[in-house]
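Here's the structure we're looking at; comments come further down.
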Amino acid sequence: MLLVHYLREELDLTGTHIGCDTSQCGACVVELNGDAVKACTVLAVQADGGSITTIEGMATEGNLHPLQEGFWEKHGLQCGFCTPGMIMASAQLLKSNPNPTEAEIRKALEGNICRCTGYQNIVRAVQYAAEHMRTETAAPVGGGE
Amino acid sequence: MLGTPIKRREDPRLITGQATYVDDVKLHGMHYMAVLRSPYGHARINSINTEAAKKHPGVKAVFTAADLKGVVGPVACAVPLGKITEGMGIRGPLAEGKVRFFGDPVAVVIADSRYGARDARDLIEVDYEPLPAAMDVEKAAQAGAPLLYEEFGTNVALSLVLEGSSEAIDKVFEETLANGGVVVKERFVNQRLIPNAMETRGVVADFNKSAKKLTLWSSSQIPHILRNVLAATVGLPQHQVRVIVPEVGGGFGSKLNIYPEELLAAFASMKLGRPIKWIEDRSESMSSTIHGRDQVNYIELAAQRDGKVTGVKIHVYGDMGSYCQLFTDVMVLAFMFPVMCGAYDIPHVYRATDLVFTNKASTDAYRGAGRPEATYAIERGMDLVARELKMDPVELRRKNFVQPDQFPYKSATGTVYDSGNYEAALDKALAMADYKGLREEQARKRAEGKLMGIGISTYIEACGIGPKGFAPVGLYESARIRIEQSGTVVVQTGSSPHGQGEETTFAQIVSQEFGIPIDNIVVQHGDTDATPEGRGSYGSRTTPVGGSAVFTAAQKLKEKMKLIASFMLEASPSDVTLEDGKFSVVGSPQKTVSFEDVALTANLSNTLHPSIEPGLETTSFWEPTSNVFPFGTHICVVEVDKDTGRVEITRYVAVDDCGNQLNPMLVEGQIHGGITQGIGQAMFEGAIYSDDGQLLTATLMDYAMPLASELPSYETSSTVTPSPVNPLGVKGIGEAGTIGSTPAVANAIIDALGVAHIDMPFTSEKLWKVIHQQ
């Protein structure tokens, strides 16, 4: 059984989507043991004992993740089908590159296909999140906004 | 509230993974359907043996065409034309006797698991006798081609010359030449595209045997039309069918249809009395969801020496694929030919077409649906004229534009354009792009041996369908507004947005009309039991037509509320105003009753004046008197690498006019997405079949979707020329980006290479060959 089917069918976590059958579209991206993976190309058994974050786990205690906020603020989604995978892939980018250029964002999202937005607002959303995440880490403990 | 780029109310559920798409629907006792499809492009079916499949563990049923006879009607074709009226191209949901395209459904398996259904499907034995396939539309139209429908003796369903004969246009062309003018001729291919919405199609059918009620979840753009046609096809009254369209992951026209699988899932559920789910995988989708475009055009334009175009002549071979889906046969006649003259005041037009069946998937509406084909032809044609006359393509267009004082403008095609100011959009785009500077840069780069191209497209399109008579069922739209006793406003629309954001836009309309916070407004859509009779979302109609229905319903309730308030305020209704959610009397602003006060009074009724009917609910049906005509100018700048043929879009400027903009952020989003699909056609995409009918581009490995890393950021702006057709002054914008962009990109690349014409897509290999042949 593929990880994506395990998440969707066994765990009822249907936020992760299936968009293709050749590992290209990225709609199924989740985080497994700290790395973004395409859940359609991982067997559930390979994830045994692992730690997985799906889109349902991105908001914490009712607070949206800065990427979720960014996609909302910047109209980075239309039909929403590619969005969970797009957010998970973007999260991976920002972990390794907290201040990416437009070109770097576009390159990093090469494995995620969107048919609705033309990507421009997705880039803006990721830039928004990057800026907010940098500001948060720079804020003093117990202070700031 | 209107005109503000507020963020979308749809988004919270989508960004948190809480939204329900059809594959997220899980019902108790649900079984799964798998479809056995033809691996051949054209073959006779000699026999089908389903015995082994039926015996597979978990399998409840296996159905073929024989099981559907007399029970399920044919797949719907909205407007049969020519030989289609005699049955050509019409078929039941499963193939009978022959398969006619790679992916043609032959049988279905119903099993208790998704995997089991597929395993059992592999056990079905079909004895096929492969036949030669008709894969080229021009060859398929000729005598001696392999025939899809032998009984009709041809693959041509319809041959038509709209103007009756070419006598008039030939005379115009002769006169133009005699007066020193030019005639340009070219053959264009508008290649077959695969829409590839990110969510493939899917359906869950649930027939309740005791209530005799069928509920169908479908990833569809047309809940009510689907309900009505499905009911008729499976023999149920309309009120015993409920269609629920949940979240839809993109449509672009490919889900503006009624598919065999929807009929089959319904049939299976009715037969077995349990819910049946079918979800398409991507390769199934690419072979059997409708394809877009696919035409060969022969075009001729005549122009005077001074650049005035005197006539355009076009012959279109329309490749319909193998069967009629809902609008397969009307793309050319209903959508392309009416806008054949584009943004130009061209006095004479000649339009001829052959609509041909071939052994490919059915073609039907795909973002633009006929208007991209017309726009590509006329915009490429204008560039050919400019090239022949050695005239700047911008100046040629300017010289031929319909002028602002000509609106409403009746084209030589008979179509009346509502409003426009084409030169204003052009000038704005030229300024944004610094066109003069670009041409200077191009001259410099050419001197250095670089291939820089500038392409322009000044387009119009016809959308916001449509007026009476445009389609066999009137394309009005509906809105029911109910104001609850708390003052919360519930809007139920017959529109079916799937990413365009009308849950937000419609709430903005209502918020503006009532002066109440947008958070007090809810917009619902998609459930045919909870919305009035509607027509769905396609043809860039949701805001112009659906929004107008919402506006009209809001006006009706506003008047009733003013009347109720007039009694509460002891004033004459004509002296009552509504502003910022408060009713007050002109001249005595301190005396007010709130929107919520009036809502409570109307709903509770005990203190409502007896002359007024209780409640606060109304339904409006709004029908346009005309289509609406967005327009704009796109300028594309490219550099082509001489050594690799690779194209880089260095700049993309778009100025689009969709009339009033209710939410500029959503408008811009539609333009971005539209441009990207247009670039996709120009540079990357194309559905390719082998000579014997195999779909070679059947996965995303072979069909190149535009990726973030391959695209530039677009510079977008707008002009605003309101439409007189609807109370909001809006035109649709969902397709305009796609319509305007493909020719801009094509013209840019062809300009870079300095040749007369190259067909799309402009792959590196193709351009390299052209460069190295020069």
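Readers should treat all values here as calculations from the given coordinates under stated rules, not as data from a laboratory. On a predicted model such as this, the values are computed, not experimentally measured, just so you know. Every residue, glycine as well, gets a Cβ built from its backbone with ideal geometry; the counts of neighbours run over all protein chains shown.
Odds and ends about this structure:
- For chain A, the relative contact order works out to 25 percent when only alpha carbon pairs closer than 8 Å and six or more residues apart are counted.
- Rounded FRET efficiency, nearest 0.05, which uses the C-beta distance separating residue B:20 from residue B:588 and R0 of 51 Å: 0.55
- In plain terms, the residue of B:478, B:495, B:537, B:210 with the fewest other Cβ atoms within 10 Å comes first and the most crowded comes last, giving B:210, B:478, B:495, B:537.
- Cys with no candidate disulfide partner in chain B (beta-carbon separation under 4.7 Å rule): B:341, B:463, B:636, B:658
- Gain upon complete extension [residue B:27, residue B:208; 0.36 nm per residue less C-alpha separation]: 63.9 nm
- Charge context of residue A:12, other residues only, Cβ under 11 angstrom, K/R +1, D/E -1: -2
- Stretching residue B:473 away from residue B:699 to a fully extended chain increases their span by 77.8 nm, per 0.36 nm per residue minus the current alpha-carbon distance.
- For chain B, the mean residue ellipticity at 222 nm estimated from helices alone is -8500 deg cm²/dmol, where every DSSP H run of n ≥ 4 contributes -39500 (n - 2.57) and the total is divided by all residues, rounded to the nearest 500.
- Extending 7 Å from the Cα toward the beta-carbon at both residue B:605 and residue A:59 defines two label points whose distance is 3.9 nm.
- Lysines whose Cα lies under 16 Å from that of residue B:139, excluding same-chain neighbours fewer than 8 positions away: B:360
- Normalised by the number of residues in segment B:477-622, the mean separation of alpha-carbon contacts (under 8 Å, six or more apart) gives a relative contact order of 32 percent.
- Charge tally around residue B:161: other residues with Cβ under 15 Å, Lys/Arg +1 each, Asp/Glu -1 each, net -3.
- Span-like helix ranges in chain B, DSSP H, alpha carbon extent 24 angstrom or more, Kyte mean at least 1.0: B:736-753
- Take the Cβ atoms of residue A:110 and residue B:765, set R0 to 22 Å, and the FRET efficiency comes out at 0.60.
- Structural descriptor for segment B:359-458: relative contact order 19 percent, calculated from alpha carbon pairs under 8 angstrom and at least 6 residues apart.
- Cα shape, chain B, gyration tensor, a/c 1.5 rule: oblate
- Among B:47, B:584, the order by Cβ neighbours within 10 angstrom, fewest to most, reads B:47, B:584.
- Farthest positive-ward along segment B:477-622 dipole, Cα basis, beta-carbon charges - from B:540, B:615, B:530: B:540
- Gyration tensor verdict on the protein assembly as shown (Cα atoms; rounded if a/c is under 1.5, prolate if a/b is larger than b/c, oblate otherwise): rounded
- Between segment B:421-471 and segment B:329-375, the alpha-carbon center distance in angstrom: 22
- Among B:595, B:762, a tally of other beta-carbon atoms within 10 Å of each Cβ gives an order, fewest to most, of B:595, B:762.
- Positive minus negative residues near residue B:124 (Lys, Arg vs Asp, Glu; Cβ under 13 Å): 0
- Nearest-0.05 FRET efficiency for residue B:690 and residue A:23, computed from C-beta distance (R0 30 Å): 0.75
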